[in-house]
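A.B. asks: Sharing a structure with you now.
The values are calculated or read from the model by the stated rules, or taken from the named source; none is laboratory data. On a predicted model such as this, the values are computed, not experimentally measured, just so you know. With ideal geometry, Cβ positions are generated from the backbone for all residues, glycine too; neighbour counts draw on all protein chains shown.
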Amino acid sequence: MTESTAAAVVLNNVSKRFGSKQVLHEVSFSVPRGEALCVLGRSGTGKSVTLRLMIGLIKPDAGDIFISGNHISCLEGKELSRARCKIGFLFQSAALFDSYTLYDNLALPLRRLTAKSNSEIEEIVDRGLKQVGLAGDKHKLPGALSGGMRKRAGLARALVLEPDVLLVDEPSSGLDRITASEIDDLLLEQKALHQTTMVIVTHDVHGARRVGDRFAVLDQGRLIALGKPEELEDHESETVRKLVTEN
Amino acid sequence: MKKILQFVGDVTLFGIRVIVNAFRRPIEFGEIWSQVEDMGVRSLPLVSSSGLALGVVMTLHTRSTLVAFGATALIPRVQCLSFFVEIGPLVAALLVAGRVGAGIGAVIANLRVTEQIDAIEVLSVDSFKFLVVPRVIACVLVLPLLVVFMDACGLVGGFLSENAVSHLSVQLFIERAFKGVELSNFVPPTLKTAVFGFIIGTVSSYYGYTMNEGTQGVGKAATKSVVTCSLLVILADVILVKVIFLLFPGSAI
């Protein structure tokens, strides 16, 4: 079995440039099934770009990306859509459809991509919202929710198709420590119950240490460290040590 | 010049993509209906009140001229033909370009800024087919209907104005208004607004969908949509009037 099929996520020498700025430079790592990898780094080092490349929202200039065995960087159109069905994505802003209720936000992919009946969809959506503690808010519009509730709703939507891989962009951004911790609890629960592979981009070392099995540290578009948090605490690079240490 | 050609090329390709996707399954009936409701029903007060006011103003203007020639009996017919042939279609299209075009540009641009378009793509839904195509189809369907309302309100306004001055009865106004008016004076000019609808829907969606300038771009997309749509509607009108004359020679007044 090749690395691209054994691991849930594989990046091979991925590079990306926007204009004159080299955002990612030959980044390679893989994430075994069921593992949570936290990507750390200073602002503007290409963390979110890495996630966008992994879901196929942008294409790499060079290198290959495999998610659940699909060569994402080469797929287009319907093939890419099919591959994305196995990937959940939680946006930093949650990116809920603001003209849809929470119920419709979660029901949309089920209506479009599955042959499930309305009652089945209702059952799945109710279960998803209950899992994130929003069972009583399904008829609310996103504008009526707090930041933490929106993030939880975004997570419920990302999980509604039961993805193999969950990509999370800044789960704690804009949230207080307690609310951020609740999101971390949900991610941990998802990992424990469904063995979902996760790639989490974050600045929150405390949350990353709770959820992540390994850390990947990016600096100026390059992967400068990859390993378990405790292994990286004594890393030769001061940037790595600062990023993986809580205080 | 290069920018203009680039824009024309991009919008043309965007329009072709709309047409191709409009016939591809799944057809977004729910979204189309929702947009028809939003554009049609919510534009109705603006279009109706404008038609009514224009009807009154037109009668006041034509009356003063026609009185000099002793031809006040022609006022209803002039009113009717003017609205059916040009005023109704063009003014309704410009009003919709302002209200709906700006709305489409701003809404889609906002969806882009807030990553909602990315979210739609990530959920394996074709964002172009889901957001753009229903809006363009709705514009194509709604505009001819709004023109009918505009025409009707224009005639009502004309009648009220004329009635206030000459106490002309409704029956006589209608009889004089429709005397000599043929279907070719009404149907082709009304249906040409489907083309205006396509232009408004496509151009404003183009500005919103391709916007990449952050929150500032939302306002820009709305403004550019209104300006470009209005200009293109007027240019298209010039061409379509000529085409209508060629296809329906009897429609020339």
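A.B. asks: Kindly check whether there is at least one residue in region B:85-107 that is touching a Pro at 6+ places or on another chain (Cβ under 8 Å) and not in a helix (DSSP H, G or I).
C.D. replies: Taking region B:85-107 and keeping what is touching a Pro at 6+ places or on another chain (Cβ under 8 Å), we get B:85-86, B:88-89.
When the remaining residues are screened for being not in a helix (DSSP H, G or I), the result is none.
Looking for residues that are touching a Pro at 6+ places or on another chain (Cβ under 8 Å) and not in a helix (DSSP H, G or I), one finds none in region B:85-107, hence no.
A.B. asks: Read through the list (1) modelled with pLDDT of 90 or more; (2) outside any strand (DSSP E or B), then give the number of the only condition that A:Gly44 fails.
C.D. replies: Going through (1) modelled with pLDDT of 90 or more; (2) outside any strand (DSSP E or B) one by one, A:Gly44 breaks only (1).
A.B. asks: Then there is this: Looking at region A:91-105, can you tell me whether even one residue there is part of a strand (DSSP E or B) and in contact (Cβ under 8 Å) with a residue 12 or more places away in the chain? Write out each step before concluding.
C.D. replies: Step one: filter region A:91-105 for residues part of a strand (DSSP E or B), giving none.
Scanning region A:91-105 turns up no residue that is part of a strand (DSSP E or B) and in contact (Cβ under 8 Å) with a residue 12 or more places away in the chain.
A.B. asks: Let me ask something additional. Which condition number does A:Asp61 fail, the rest of (1) touching a Lys or Arg at 6+ places or on another chain (Cβ under 7 Å); (2) among the acidic types (Asp, Glu); (3) within 9 Å of another protein chain (Cβ to nearest Cβ) being met?
C.D. replies: (3)
A.B. asks: Can you name every residue in region A:98-111 that is touching a helix residue (DSSP H, G or I) at 6+ places or on another chain (Cβ under 8 Å), surrounded by fewer than 20 Cβ atoms within 10 Å (Cβ to Cβ) and either of a type in the set (D, E, K, R) or within 7 Å of chain B (Cβ to nearest Cβ) (or both)?
C.D. replies: Within region A:98-111, A:Asp98, A:Arg111 qualify.
A.B. asks: Examine region A:171-187 for a residue that is within 14 Å of another protein chain (Cβ to nearest Cβ), in contact (Cβ under 8 Å) with a residue 12 or more places away in the chain, surrounded by 20 or more Cβ atoms within 10 Å (Cβ to Cβ) and under 10 Å from the mean Cα position of the chain (by Cα), and state whether such a residue exists.
C.D. replies: no
A.B. asks: Given (1) touching a residue at least 24 places away in the same chain (Cβ under 8 Å); (2) within 14 Å of another protein chain (Cβ to nearest Cβ); (3) in contact with a Pro (Cβ under 9 Å, 6 or more places away or on another chain), where does A:Thr197 come up short, assuming only one miss?
C.D. replies: Failed condition: (2).
A.B. asks: Please work out which one of (1) within 13 Å of the chain's Cα centre (by Cα); (2) under 19 Å from B:Gln116 (Cα atoms); (3) part of a loop (DSSP other than H, G, I, E, B) is the condition A:Pro163 fails and give its number.
C.D. replies: (2)
A.B. asks: Turning to a different aspect of this structure: So, in region A:72-95, how many residues would count as being more than 9 Å from chain B (Cβ to nearest Cβ), over 18 Å from A:Met149 (Cβ atoms) and surrounded by 17 or more Cβ atoms within 10 Å (Cβ to Cβ)?
C.D. replies: Adding up the residues that qualify gives 4.
A.B. asks: Going through region A:57-81 one residue at a time, which ones are modelled with pLDDT of 90 or more and basic (Lys, Arg)?
C.D. replies: Answer for region A:57-81, where residues must be modelled with pLDDT of 90 or more and basic (Lys, Arg): just A:Lys59.
A.B. asks: Kindly establish whether B:Leu160 is free of Cβ contacts under 8 Å to residues at least 12 places away in the same chain and surrounded by fewer than 19 Cβ atoms within 10 Å (Cβ to Cβ).
C.D. replies: Judged against the criteria, B:Leu160 is not a match.
A.B. asks: If I go through region B:202-235 residue by residue, how many of them are modelled with pLDDT of 90 or more, in contact with a Lys or Arg (Cβ under 9 Å, 6 or more places away or on another chain), surrounded by fewer than 19 Cβ atoms within 10 Å (Cβ to Cβ) and not β-branched (Val, Ile, Thr)?
C.D. replies: Number satisfying all stated conditions: 0.
A.B. asks: Could you list, in sequence order, all residues of region A:112-121 that are facing chain B (nearest Cβ under 9 Å) and either without any contact (Cβ under 8 Å) to a residue 24 or more places away in the chain or in contact with a Gly (Cβ under 9 Å, 6 or more places away or on another chain) (or both)?
C.D. replies: Hit for region A:112-121 is A:Arg112, nothing else.
A.B. asks: While we're looking at this one, here's another question. Any chance region B:222-231 includes a residue that's over 30 Å from B:Ser127 (Cβ atoms), of a type in the set (D, E, K, R) and assigned to a helix (DSSP H, G or I)?
C.D. replies: Restricting attention to region B:222-231, the residues satisfying the condition of being over 30 Å from B:Ser127 (Cβ atoms) are none.
No, that holds for no residue.
A.B. asks: Would you call A:Gly221 of a type in the set (Gly, Ala, Ser), farther than 19 Å from A:Val23 by Cα and within 19 Å of the chain's Cα centre (by Cα)?
C.D. replies: No; evaluated as a whole, the condition is false for this residue.
A.B. asks: Being within 13 Å of chain A (Cβ to nearest Cβ) and surrounded by 24 or more Cβ atoms within 10 Å (Cβ to Cβ) is the filter; apply it to region B:118-133 and report the residue that is nearest to A:Gln92 (Cα to Cα). Spell out how you get there, then give the answer.
C.D. replies: Within region B:118-133, the subset within 13 Å of chain A (Cβ to nearest Cβ) is B:118-131.
Still in the running and surrounded by 24 or more Cβ atoms within 10 Å (Cβ to Cβ): B:119, B:122-123, B:131.
Details: B:Ala119: 11, B:Val122: 14, B:Leu123: 16, B:Leu131: 22 Å.
Of everything passing the filter in region B:118-133, B:Ala119 is nearest to A:Gln92 (Cα to Cα).
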